[in-house]
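The values are calculated or read from the model by the stated rules, or taken from the named source; none is laboratory data. Here the structure is a predicted model, which means the values were calculated and not measured. Here the Cβ positions follow ideal geometry from the backbone for every residue, glycine too, while neighbour counts run over all protein chains shown.
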Amino acid sequence: MKPNAVRRRLLAAAAMLAVPALRAEPATWDAMRAGGVALLLRHAATEPGLGDPPGYRLDDCSTQRNLSADGRAQAARLGQALLERGVTVESVLSSRWCRCLDTARLAFPQHAVTPFDALNSFFDDRAAEPGRTRGALARIGAIRAPANVVFVTHHVNILALTGEAVGAGEILVARHAGGRLQVLGRLRL
């Protein structure tokens, strides 16, 4: 084999090892492949901070806390890992915050991303939580196999829906059961 060919193969192998795998229990992968589940994705890693700067506007990304360079790479890896594992996605819904829309577009470039107000953060307006949670639950309840639907949102929204905390770029896989969400598993890089 020619030296350049060997070098290219070694570089390709090293690059594959450098990209963290998306980890989940086998049963979680099986549930996603069977379909009929919600993938509750907290937006990828952001620039440091808590919440958004005072006076932020949803129509102006420059006023919000946005994805970091690591977060943009993380989002792309999430979508690629799901694709490589044979997980099909029917649609991608997102909060209107730029960090969520960007996560959705980077992770699922083959899909149109649909803003869905029930996924908007209520971090600054806790009174909005019940309505947003009901709206998200209703949409999740409409998912039927073999479809899977991705919901890109915020920590507070996922916590209200499931009672579970998630890190940036983590996914909870859930199914609507008896008026509540049953968490089937967690995916993390």
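The table for this structure:
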read-out: Count of residues meeting criterion [assigned to a strand (DSSP E or B), within 30 Å of ALA142 (Cα to Cα) and not charged (D, E, K, R)] in segment 35-49; value: 5
read-out: Subset of segment 50-82 [in a loop (DSSP other than H, G, I, E, B), touching a residue at least 24 places away in the same chain (Cβ under 8 Å) and not polar (S, T, N, Q)]; value: GLY51, ASP52, LEU58, ARG65
read-out: Those residues of segment 116-142 which are part of a loop (DSSP other than H, G, I, E, B), more than 18 Å from the chain's Cα centre (by Cα) and without any contact (Cβ under 8 Å) to a residue 40 or more places away in the chain, in sequence order; value: ASP125, ALA142
read-out: Subset of segment 143-159 [over 25 Å from LEU50 (Cα atoms) and either part of a strand (DSSP E or B) or more than 18 Å from the chain's Cα centre (by Cα) (or both)]; value: ARG144, ALA145, PRO146, ASN148, VAL149
read-out: Where a residue in segment 36-49 is touching a residue at least 40 places away in the same chain (Cβ under 8 Å) and farther than 17 Å from ARG65 by Cα and its partner, wherever it lies, is of a type in the set (D, E, K, R) and outside any loop (DSSP other than H, G, I, E, B), with Cβ under 7 Å and at least six apart; value: GLY36/ARG175; VAL37/ARG175
read-out: One residue from ALA138, ALA174 being farther than 24 Å from LEU67 by Cα and surrounded by 20 or more Cβ atoms within 10 Å (Cβ to Cβ); value: ALA174
read-out: Counted residues, segment 67-86 - those being under 19 Å from GLY36 (Cα atoms) and modelled with pLDDT of 95 or more; value: 0
read-out: Residue check for ALA107: small (Gly, Ala, Ser), closer than 21 Å to ARG33 by Cβ and buried (at least 21 other Cβ atoms within 10 Å of the Cβ); value: yes
